[in-house]
Amino acid sequence: MVKKLFDSILGKNPVKSEDEYMELDLASYEGSTSEEPASMYVKIATIADLKDTPRVKDEVYNGNIVIIDIGRLKMDKVTFERVLKDLRDVAKDVNGDIVGLGDQKYVVVTPMSVKVSREKIGGGV
């Protein structure tokens with residue numbers, strides 16, 4: 001019975017040999033620097049307190065897209081609302097966009113001329 005359970009989870013396909021897989025060296029992609037700087041970057045940030053917002057706002061004003069983890073703010077509703085208001089104001093100031101992802105744990109703020117589509121690609125409904 002245990003074997004059937006594992007077969008149903010793992011499938012009944014035979015084990016593939018190593019030459020059927022391609023090894024990806026992700027280290028060569030991470031931290032690689034180009035000769036020319038990009039005109040725009042995607043930055044990752046975490047806002048845990050109101051004092052974290054100025055640096056995030058500066059990045060958007062500088063023309064970068066920022067993906068922000070706001071999960072830690074959920075415990076303090078007043079700070080959460082204040083930070084979101086600040087981020088909305090920045091998006092409006094630069095004629096950018098702001099959108100929450102998933103269960104509102106992440107927010108994406110974009111600079112001028114970059115809009116986030118609200119239409120999902122694949123993945124069902």
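For the stretch 99-125, which positions are under 16 Å from the mean Cα position of the chain (by Cα) and among the small types (Gly, Ala, Ser)? Hits for the stretch 99-125 are Gly100, Gly102, Ser117. The residues of the stretch 92-109 that are crowded, with 18+ Cβ neighbours inside 10 Å and touching a helix residue (DSSP H, G or I) at 6+ places or on another chain (Cβ under 7 Å), listed by number, are Val94, Gly96, Asp97, Ile98, Val107, Val109. Among the residues of the stretch 108-122, those that are modelled with pLDDT under 95 and either charged (D, E, K, R) or not in a loop (DSSP other than H, G, I, E, B) (or both) comprise Lys115, Arg118, Glu119, Lys120.
Residue-wise test of (1) more than 19 Å from Val116 (Cβ to Cβ); (2) of a type in the set (A, V, I, L, M); (3) within 16 Å of the chain's Cα centre (by Cα); (4) surrounded by 19 or more Cβ atoms within 10 Å (Cβ to Cβ).
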site: Ile44; (1), (2), (3), (4): no, yes, yes, no
site: Asp52; (1), (2), (3), (4): yes, no, no, no
site: Val56; (1), (2), (3), (4): no, yes, yes, yes
site: Tyr61; (1), (2), (3), (4): no, no, no, no
site: Val66; (1), (2), (3), (4): no, yes, yes, yes
site: Arg72; (1), (2), (3), (4): yes, no, yes, no
site: Asp76; (1), (2), (3), (4): yes, no, no, no
site: Glu81; (1), (2), (3), (4): yes, no, no, no
site: Asp89; (1), (2), (3), (4): no, no, no, no
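The values are calculated or read from the model by the stated rules, or taken from the named source; none is laboratory data. Nothing here was measured: the structure is a model prediction, and the numbers come from that model. All Cβ positions, glycine included, derive from the backbone under ideal geometry; neighbour counts span all protein chains shown.
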